[in-house]
Amino acid sequence: MANRPVATYSIVACDLDAGQWGVAVQSKFLAVGSVVQWAEPQAGAVATQSYANPRYGPDGLALLRQGLSAQEVVKRLTEADEGRESRQLGVIDAHGGAATFTGSECQEWAGGRTGDGYAAQGNILVSQGTVDALAETFEASSGRPLAERLLECLVAAQTAGGDRRGQQSAALLVVEKDAGYAKLSDSVVDLRVDDHERPIDELQRIYELHDAIFGRTPKAQWLDVDEALQTELMERLLRLGYAGTLEEALTSWAGTENYEMRVEGVERIDPVVLEALRRQA
């Protein structure tokens, strides 16, 4: 069976102040995230697509880990690949340097664009406007969380035309050293929609769920649990069947609903947790 092109638009990017690197991608291709996106904190990120060479992912990260620039990584990967003219590649390095490559045999419209801290690229697109939308949206969203910026880039790219064959899957990957689950993982966000009529909409929906469970509300925004709020919490928890002390009941409920990463004792409460409890009870 002949290889299918990973007809795709993607963006690789970083937020050096936050110590984060990431990739966002959409394609008329099943489970595009399983092929295209690769990232490692303090090293960089890679997107490999078109008639994708999946080896570009781990091999590219290995080169980035050695301290090579994005431009040098693209040069080494493509020079060693006899099939390079059918490949497309985007790389961001540890210092925010970016490079993109589009082989001469990639199907139109195909091309890429780089800027400060990002590389955007796509193939089999309606027009160049898709890649321009990726780039311009990223440039206009400085200061916001990287994951949200990357999602907005996908939305803008699709609005601008997207993959001329349509939509099927989308994915989002953001890494940061020891910032993932229980601070024992580097994956801050690793979400995939493998087969859906509107994959970007679905990716946005599950990202909101992910952020509610794993997101970080600044401690300055947490609420003091005074006597009135303590009474409210106990009443709502009892209504849901959780008894015992407030700490026992809240901890048990939070574990059931996957909010345990947002609960630290009962003297103060994350407003996201409070809102979720109020919705339930």
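The values are calculated or read from the model by the stated rules, or taken from the named source; none is laboratory data. In this text, all values refer to a predicted model and were calculated from it rather than measured experimentally. Glycine also receives a Cβ, built like all others from the backbone with ideal geometry; neighbour counts cover every protein chain displayed. Remember, those area values only see protein heavy atoms, side chains included, never the ligands or the DNA or RNA. Shrake-Rupley method; radii C 1.70, N 1.55, O 1.52, S 1.80 Å.
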Margin query: Report every pair of residues separated by at least 6 positions or lying on different chains whose Cβ atoms are under 7 Å apart, first residue within the stretch 245-257 and farther than 10 Å from M234 by Cα, second open to solvent by 40 Å² or more (accessible area, probe 1.4 Å) and part of a helix (DSSP H, G or I).
Written below: A254/E260
Note to self: Which count do you get for residues in the stretch 35-62 that are within 23 Å of D178 (Cα to Cα) and surrounded by fewer than 24 Cβ atoms within 10 Å (Cβ to Cβ)?
What the structure shows: 9
Notebook entry, point to check: Here are V74, V23, V46: which of them is out of contact with any Lys or Arg (no Cβ under 7 Å at 6 or more places or on another chain) and either assigned to a helix (DSSP H, G or I) or among the small types (G, A, S) (or both)?
Noted result: V74
Check: Looking only at the stretch 152-173, which residues are open to solvent by 30 Å² or more (accessible area, probe 1.4 Å), free of Cβ contacts under 8 Å to residues at least 40 places away in the same chain and over 12 Å from the mean Cα position of the chain (by Cα)?
Finding: T159, A160
Check: Is there any pair linking a residue in the stretch 103-117 that is of a type in the set (K, R) to one that is outside any strand (DSSP E or B), with Cβ under 6 Å and at least six apart or on different chains, and which?
Finding: R113/V131; R113/A135
Note to self: It is to be established whether one or more residues within the stretch 71-89 are crowded, with 23+ Cβ neighbours inside 10 Å and of a type in the set (S, T, Y).
What the structure shows: no
Note to self: Pull out all pairs, ordered by first then second residue, where Cβ-Cβ is under 8 Å, the residues are six or more apart or on different chains, the first lies in the stretch 194-214 and is without any contact (Cβ under 8 Å) to a residue 40 or more places away in the chain, and the second is open to solvent by less than 90 Å² (accessible area, probe 1.4 Å) and among the charged types (D, E, K, R).
What the structure shows: H196/E202
Margin query: Tally up the residues in the stretch 102-150 that are more than 17 Å from D17 (Cα to Cα) and of a type in the set (F, W, Y), please.
Written below: 1
Margin query: Please go through the stretch 139-150 and give me each residue that is touching a residue at least 60 places away in the same chain (Cβ under 8 Å) and either among the basic types (K, R) or buried (at least 22 other Cβ atoms within 10 Å of the Cβ) (or both), ordered by number.
Written below: L146, A147, R149, L150
